[in-house]
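The values are calculated or read from the model by the stated rules, or taken from the named source; none is laboratory data. What you see is a predicted model, and the numbers here were worked out from it, not measured in a lab. Positions of Cβ are generated from backbone atoms using ideal geometry, with glycine treated the same way; all protein chains shown enter the neighbour counts. Each accessible area value is taken on the protein alone, full model and side chains, heavy atoms only, with ligands, DNA and RNA left out. Shrake-Rupley method; radii C 1.70, N 1.55, O 1.52, S 1.80 Å.
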Amino acid sequence: MSKIIGIDLGTTNSCVAILEDGEPLVIPNEEGSRTTPSVVAFNSEGERLVGQTARRQAVTNAERTFYAVKRLIGRRFDDESIAHTSALVPYRIVASDRGDAWVGLDDQRLSPPQVSAIVLEKMKASAEAYLGEKVDRAVITVPAYFNDSQRQATKDAARIAGLTCERIINEPTAAALAYGKASHANGLIAVFDLGGGTFDVSILQLEDSVFEVRATNGDTFLGGEDFDNRIVEALLDDFKAKHGIDLSDDVVAMQRIKEASEKAKHELSSSPSTEITLAFIATGKSGPIHLTYHMTRPDLEKLVGDLIDRLEVPCRAAMADAGVTAKDIQTVLLVGGMTRMPRVKQKVQEIFGKPPEDGINPDEVVAVGAAIQGSVLTGEVKDVLLLDVTPLTLSLEVAGGLVEPIIERNSTIPCRKSKVFTTALDNQDMVRVHVVQGEREMAEDNKSLGRLEMHGIPPAPRGMPEIEVTFEIDANGILKIQAKDLGTGKAQSMRVVSSSGLSDDDVKQMLQDAAQYRAEDSERKLTAEAKNQLEGLIYTTRRSLNEYGASLSAEDRAAIVDALRAADESLDGSGPEQLQASYENLAVTAQRLAESIYAAAAESMDDDDWEVDDEG
């Protein structure tokens, strides 16, 4: 049975891991890094760049470089958070035909699952290069507070990338799985997960390799990107106050400021202060203007004070839902790069009354946990049982726009629950089941997941028909619904459609597009390799011709010169087959030079007179 890889598909960085001989292993990418930036770019030639290569060219290609796209998954274009994000990123956020938030690439629109799929393909390729075999199955992690549509969008991304998503598990749960497997710890654990785009906290009970999630809470729009943006805003305000120039409409300047802000944030985790300097950021009446800004750790903590405060409410709520207090929790695990910030660690200690565990890598532990879960599914690991929960209440809209909860939040999954409803009008022949997710009392204030219509109910006084509605949540936290008329036995079911706006036809088209891109990428790689090989042969042949060409006959010299000219011409716009043909032609022709050199050397040795001075 083929291996199942574990993938942490992060907002800022992604990571892939496997279990090898019972031990977790983080797989480095082709650049040698253990994590890969979740960045995708398209250059002017249409070539697709992923990871560090995409990040390096972001300043000069900002509008076609997409990062933090995970924050758009499952969000409507008219969402208030999307408007805020759109003002801070250099690329365009546009509305899909269904009103969801997508990104704009020239005259095209790309869905967040499409962009995420490109990152997943990179993870898949790294695993295949390391294992030396095809990989087509994965366990993928998501923020614990992702709703149903966001989880389905993640599965769509995996499918587009050519991966079967065997299981979706929550990021904090994966981290606890990795920690518990390594430490064999028992007791209550709090996992505090503050990543690039989301914040989650989960309370878990670990007991003899049984991992039971007691409660989870979080904020899907709180993470490192928000901390970066506070620094960006401070730099923009300071520059405008000093020079009267607003840089927010300058795409290149904004990308440079974004990168400098992220770097400053990292430096302030280990240093008390930092200098932000960006030369030639703008031009004024007297010439070029440079951006300089001195920032201390207290300055940063003041800028992000309200963000730090927002971390406390989900933690208190998770403990309350789990029925525990901070004193009951033995260990606090830190997950996500933002937990390296000293003020965040201090806040964690204030909330839980104890210093957090410092012995895990916050960037890699989630992928490791996903890999362990993958090995559980293949049977390689047999002594682990994972019991996760659903993060948000699933309800139906009833008369008056109220909600009727079916599955309460923090219910252990997989689970199945049913309730019987009836009609509100006499002779009502249709029932519309409106499914919402959230904790508000009114349906309109919650997240709408979909509607199911059941037709053909026999005429009857109101209140007489009995319609049983069943909610079933699978191990991935994805919802299926069935409505059944108990009188006639007629049933109607649906799988909630992801609010990423992707139908099955959309996904099929994206699969075709992805396959086309893979073929084009492979062609580009073969072309680049063949071109490099040919350029190397041209260089060595030309150098040898200049050095030893005098020993050639006029015919051989002309043949080599012609072959060099043909090889030079093929470097411009030829495909890998033509380049390989030029290489072989030049290699065969250039052999005449070697033959001539060694023939001349042999004649020289034959002509030499050897004298032996023997005076003995």
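Consider segment 67-84 and keep the residues that are touching a residue at least 24 places away in the same chain (Cβ under 8 Å) and part of a helix (DSSP H, G or I). The one that is farthest from Gly195 (Cα to Cα) is Ser81.
In summary, Met123 fulfils each of the numbered conditions (1) closer than 17 Å to Gly197 by Cβ; (2) buried (at least 24 other Cβ atoms within 10 Å of the Cβ) with the single exception of condition (1). Among residues of segment 345-360 being under 18 Å from Tyr179 (Cα atoms) and surrounded by fewer than 15 Cβ atoms within 10 Å (Cβ to Cβ), the one that is modelled with the lowest pLDDT is Asp358. Across segment 85-108, the qualifying residues are those that are in a loop (DSSP other than H, G, I, E, B) and among the acidic types (Asp, Glu), and the one among them that is surrounded by the fewest Cβ atoms within 10 Å (Cβ to Cβ) is Asp107. Going through segment 535-575 one residue at a time, which ones are touching a Leu at 6+ places or on another chain (Cβ under 7 Å), in contact (Cβ under 8 Å) with a residue 40 or more places away in the chain and either closer than 17 Å to Ala594 by Cα or surrounded by 18 or more Cβ atoms within 10 Å (Cβ to Cβ) (or both)? Selection gives Leu537, Ile538, Thr541, Ser544, Leu545, Tyr548, Leu552.
Which residue is most open to solvent (accessible area, probe 1.4 Å), if the candidates are limited to segment 40-66 and must be without any contact (Cβ under 8 Å) to a residue 40 or more places away in the chain and of a type in the set (A, V, I, L, M)? If we take residues in segment 40-66 being without any contact (Cβ under 8 Å) to a residue 40 or more places away in the chain and of a type in the set (A, V, I, L, M), then Leu49 is most open to solvent (accessible area, probe 1.4 Å). The residue that is farthest from Ala424 (Cα to Cα), among those in segment 464-487 that are assigned to a loop (DSSP other than H, G, I, E, B) and modelled with pLDDT of 85 or more, is Asp474. Give the residues of segment 563-589 that are assigned to a helix (DSSP H, G or I), in contact with a helix residue (DSSP H, G or I) (Cβ under 8 Å, 6 or more places away or on another chain) and not small (Gly, Ala, Ser), sorted by residue number. Within segment 563-589, Leu564, Asp568, Pro576, Gln578, Leu579, Gln580, Tyr583, Asn585, Leu586, Thr589 qualify. For Asp246, the conditions (1) within 30 Å of Ala215 (Cα to Cα); (2) charged (D, E, K, R); (3) in contact with a helix residue (DSSP H, G or I) (Cβ under 8 Å, 6 or more places away or on another chain) all hold with the exception of (1). For the criterion of being open to solvent by 20 Å² or more (accessible area, probe 1.4 Å) and part of a strand (DSSP E or B), Glu380 fails.
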